[in-house]
Amino acid sequence: MLLKRLRELMAEALEPQERLDRIVREIAQQMVAEVCSLYVLRSDSVLELYATEGLNPGSVHLAQLRLGQGLVGTIAASARALNLTDAQQHPAFAYLPETGEEIYNSFLGVPVLRAGRTLGVLTVQNRTMRHYREDEIEALETTAMVIAEMIATGDLARLTRPGLELDLSRPASFNGLAFNDGVGLGHVVLHEPRVVVTNLFNEDSEEELGRLTESLDSLRLSIDDMLSRRDVAFEGEHRAVLEAYRMFAHDRGWVRRLEEAVRNGLTAEAAVEKVQSDMRARMQHMTDPYLRERMSDFDDLANRLLRQLLGRGPDGLGEALPRDAVVVARQMGAAELLDYPRDRVRGLVLEDGSITSHVVIVARAMGIPVAGQVKGVVSMAENGDAIIVDGEEGQVHLRPQSDVKAAFAEKVRFRARRQELYRELRDRPSNSKDGVHVDLLMNAGLAVDLPQLDESGAAGIGLFRTELQFMVAATFPRAEAQERLYRDVLDAAGPKPVTFRTIDIGGDKVLPYFKGALNEENPALGWRAIRLTLDRPGFLRTQLRALLKAAGGRELRLMLPMVTEIDEIVQARELLDREVRHLSRFAHHLPTKLKLGAMLEVPSLMWQLDELMAAVDFVSVGSNDLFQFITATDRGSALLSDRFDPLSAPFLRALKQIVDAGQRHKTAVTLCGELAGRPLSAMALIGLGFRSISMSPAAIGPVKAMLCELPVADLEVCMADLLGHPNARHSVRSDLQAFAAQHGVPL
Ligand code: PEP
Ligand code: MG
């Protein structure tokens, strides 16, 4: 009955205050309560009385309580209902004289929730000492949901006064980690947008229950279906998440609460939203990271169910993508990021992720500022909210106030001026202060990266990740498509050298359409990269042939990922020789020079450095993987992402051994992991003797600015001293920072 009346009230053309007044009157009548009041949370954390039936009408918009103050403040702060027979006995009771509420004894209050956020509090009061029943609580909660909708759609905005806006527009700042430099100002695009439910009331509860059951069934089926697929895309962590989904989808408590809400008159989708909101608000105060993680899984599941009910696919990118999109996601795949038009994306914010995860590498290649591990941002952000990502500090400002916005606009201008300086450096030779030349190369992987070669002033492409083409495609790229991309890359590079890496899939890089992968417990240590391609030589041969053809008449530099033993290089060289013979038999134009190198990413190579240097034309250290394997630290783990420092003596000593072995054998050594792209760690590498490093294009300017002021000879002495110290167990980061400060080296 109450819901029916509410539905009528919502449909009537009323002024917002009038509508609120009629709603509270209606609730009071239906619940046989003498009082019904609505408090709305303002951006200054004060709950303001917005409407009342029964309390002094003159106190509307005057009576107020702080968050946590009184019963109403307690409900808002805890996001939990309070049901009291004798309210005045409650320790939190605070008497507001202007309302004249002293004569009421029993009290029921529920939070007004939306997407897990508290927007206000709805209360009823009676003179008699009564205890409100479960169904009454339920009814009040449902009404609160209707009010939440009014608040969220901006209906009440006209009732606010300047400076006392509603909490929905409250600014929020988050501290995460800096994953990619740069500052982005724009508007939130939730990668997995929350489905907004506007149709709240059902016409026929029985029919609606049928809809709910049907959707739950197909949800369960779709999860089972995904679990039964043996794709690489659904292995590892992803699988664990799906297992959790399956468990939740069968959770009886959840299903019972959903059904109850439908029986009380809500549509199935409104029921999903209500149950989810209650649950989120309750879980918000939990600190246990495991439970919070599970809550996010539940959120995802509820979203899936909503999409089922509303018959929507997992869209993500509506047509209405703003021109200044800041994509906000819990986590996402590299290919998903590439689905967004580059010219509209100003930034990326991830709740999880780590600096070497693939999506971050892609974002870096695209020059998008990224903040990662920004906890709680997904549930606080709404599509279209103004947002600032500071990829330099790892901070995010949601719905920033105008002064914050102005400060960041200034920061953007400042950075643009600095970029201008880097551009001036572009054509300067990359020599140190004392005249030591260091090749600064860039990493790339897609055609979109190519213009950066000129813009950054890079000396060439030190790492071309060929697997990206495979990762962003829906099916295996054909030989012609591979050849075309390689040719475009070489054309764009002109006289600058390009090093192509043969396909490196497995681990965190998955091809959704590749059905050959096994269900591995440790994919990072599994059947991946050169291991996989040597077992599937057809794969590798097609790629080698495309590369050889594309490089006809010029130099071809090739390198092999994840080499563990020398024999793998020997086998790959045999395949390469065969392809060369094959092409020359058919009178193809062959490369003028062919150089084969290996990536040093697997620690076993550290104890066969002499054999390695003799077996190849060059070695490129993949510091992302080498560090992951030396320290036994999953490079994608959010929990471990800054636990161990690559600028520590053990890792730097390993790198030094590689440089020394290269010098002994006159084999060129370079490094192409993320380590090369930060001025401080690039400085450390130069101090170890690296004279060629490859990084994301945006890093070239800052690294070159550092190099130009660097006294390399002094640094080498300092480095040798630091690493030669018998007690050098710790990070040398601060020593290097001190060196830079002392010599005026800009970091
Ligand atoms: C590395 O491991 O350091 C590397 C450059 O390769 P990727 O990041 O593509 O694994
Ligand atoms: Mg690697």
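Here K405 is the anchor, and the lysines within straight C-alpha reach of less than 28 Å, apart from those fewer than 8 places off in the same chain, are K375. Each 10 Å bin from zero up to the one holding the largest Cα-Cα distance in segment 425-743 carries the following percent of pairs: 6, 26, 35, 24, 8, 1, 0.
Filter K509/K549; K593/K704; K411/K496 down to the pairs with a C-alpha to C-alpha distance above 32 Å, please.
K411/K496
How much length is gained if the chain between V32 and E716 is pulled fully straight, taking 0.36 nm per residue apart and subtracting their Cα-Cα distance, in nm to one decimal?
Working: separation 684, 0.36 × 684 = 246.24 nm, distance 8.33 nm.
The span from V32 to E716 would gain 237.9 nm if fully extended.
What the Cβ-Cβ distance of R484 and E392 gives, at R0 = 35 Å and to the nearest 0.05, is a FRET efficiency of 0.40. If you roll a 1.4 angstrom probe over the protein chains with everything in place, what fraction of the accessible area of segment 2-168 belongs to carbon and sulfur, to the nearest %? Its accessible area is 52 percent carbon and sulfur atoms. Of all accessible surface on segment 425-743 at a 1.4 Å probe, what whole percent is carbon and sulfur? Looking at segment 425-743 in its full context, I get 52 percent from C and S.
log10 I(q)/I(0), Debye, Cα-only segment 509-601, no solvent, q = 0.12, 0.22, 0.26 Å⁻¹? Those come out to -0.42, -1.14, -1.38, one per q.
Grab the beta carbon distance between E555 and T475, set R0 = 30 Å, and tell me the FRET efficiency rounded to 0.05.
Details: r = 31 Å, r/R0 = 1.04.
E between E555 and T475, to the nearest 0.05, is 0.45.
With the Cα gyration tensor of the chain giving a ≥ b ≥ c as the square roots of its eigenvalues, does the rule (a/c under 1.5 for rounded; else a/b larger than b/c for prolate; else oblate) give rounded, prolate or oblate?
Numbers: a/c = 2.69, a/b = 2.00, b/c = 1.35.
Prolate, because a/c is 1.5 or more and a/b exceeds b/c.
The mean sequence separation of alpha-carbon pairs under 8 Å and at least six residues apart, normalised by the residue count of the chain, gives a relative contact order of 11 percent. Candidate cross-link partners of K4 among the lysines, defined by an alpha-carbon separation under 30 Å and a same-chain spacing of 8 or more, comprise K274. The long axis of helix 2-11 is offset from the longest Cα principal axis of the chain by roughly 70 degrees. The modelled label-to-label distance between E520 and Q88, using points 7 Å beyond Cα along the C-beta direction, is 7.2 nm. For helix 712-724, what angle does its Cα long axis make with the longest principal axis of the chain, in degrees from 0 to 90 and rounded to 10? Relative to the chain, helix 712-724 is tipped by roughly 70 degrees.
Given the DSSP H assignment, sum -39500 (n - 2.57) over each helix run of at least 4 residues in the chain and divide by its residue total; what's the result at 222 nm in deg cm²/dmol, nearest 500? Display every interim value, and only then the final one.
Values: 26 runs with 327 residues, N = 747.
Rounded to the nearest 500, it is -14000 deg cm²/dmol.
If Lys and Arg each add +1 and Asp and Glu each add -1, what is the summed charge of the other residues whose beta carbon sits under 10 Å from the beta carbon of R170? Summing Lys and Arg as +1 and Asp and Glu as -1 gives 0. Looking at the chain, the accessible area is 42 square angstrom per residue; that uses a 1.4 Å probe and ignores ligands, DNA and RNA.
Within straight-line reach of K666, meaning a Cα separation under 18 Å, sit the following aspartates and glutamates at least 8 residues removed in sequence or on another chain: D439, D610, E611, D617.
With R₀ fixed at 51 Å, the C-beta to C-beta distance from R578 to S402 puts the FRET efficiency at about 0.15.
The values are calculated or read from the model by the stated rules, or taken from the named source; none is laboratory data. Only a predicted model underlies this, so the values are computations on that prediction, with no experimental measurement involved. Note that we place each Cβ from the backbone using ideal geometry, even for glycine, and neighbour counts take in every protein chain shown. Quick note on the areas: whole protein, heavy atoms, side chains included, nothing else; ligands and nucleic acids left out. Shrake-Rupley method; radii C 1.70, N 1.55, O 1.52, S 1.80 Å.
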